[in-house]
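This report refers to the structure that appears directly beneath it.
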Amino acid sequence: MSLEGSLAGLKETEGGGSFSLQNSKMLKVELADATVQAKLGSMVAHQGEVEFEHAGSGGMGRFMKKAMTGEGTDLMKVSGTGEVFLADFGQDIQLLRLEDEAITANGANVLAFEDGIDWDIKKVEGVSGMLGGGLYNMHLSGTGFVAIISDGPPVLIEVDGESTFADPQAAITWSSGVTSSAKADVNMKTLIGRGSGETVQISFSGRGWVLIQPSEGRVTGTAAGGSGSSGGAAGGLGKLLGG
């Protein structure tokens, strides 16, 4: 077998819309005089006339929230005509399609989203006075693709009236029909997470789903950054997780 033949199974895939997975760890974005926002530094290759620009925080309000909370991710605007390949340290990529819907996501797990998606930073309910700065997440809403990264293959847990609890870094995104709150137990005898002596869990109730990665992610310090409130109108799970 020739060298080219041995690499045939690794060729890029064509078609599939503006966002398409090349494999479980690489996303291809097809630009046609369009703009998307992507995690800063996530570009691994591109073709065509493509421009990259630091996106900032999208307005003073979001800039202040990001500065005060540490939530969100540094974004870049990708525009022009061509193809851009995105990845983030070999993490798995989950592709969600929103149709006038909303999700909440850990900011560190947001890889890219289309121009039809708006975002903001929101706080988890019930954490005032418990964790100082509290817990925050990105709220994404609108119509378009959103690419979420996970540290390993995630599991989708359905929430249907019964409370579900998760580590703040393990819960990477959840649907708008789910309401989140937090509880903290400052007790060295009840350590659960790896972040600190402050046991923090996120409680999910209502009806919808939560996507859990098999890891607490790249924890740096306490678990005080990275989970938030739900938002928006509930949507069909089939549509959201369709590629």
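General observations
- If you go through region 7-39 and keep only what is in contact (Cβ under 8 Å) with a residue 40 or more places away in the chain and polar (S, T, N, Q), you end up with 18, 20, 22, 24, 35, 37.
- Count - residues of region 35-62 that are more than 19 Å from residue 13 (Cα to Cα), among the hydrophobic types (A, V, I, L, M, F, W, C) and either modelled with pLDDT of 95 or more or touching a strand residue (DSSP E or B) at 6+ places or on another chain (Cβ under 7 Å) (or both): 6
- Condition met for residue 100 (within 19 Å of residue 152 (Cβ to Cβ), among the charged types (D, E, K, R) and at pLDDT 95 or above): no
The values are calculated or read from the model by the stated rules, or taken from the named source; none is laboratory data. Please read all numbers here as calculations on a predicted model, not as lab measurements. Backbone-built Cβ (ideal geometry, glycine too); neighbour counts: all protein chains shown.
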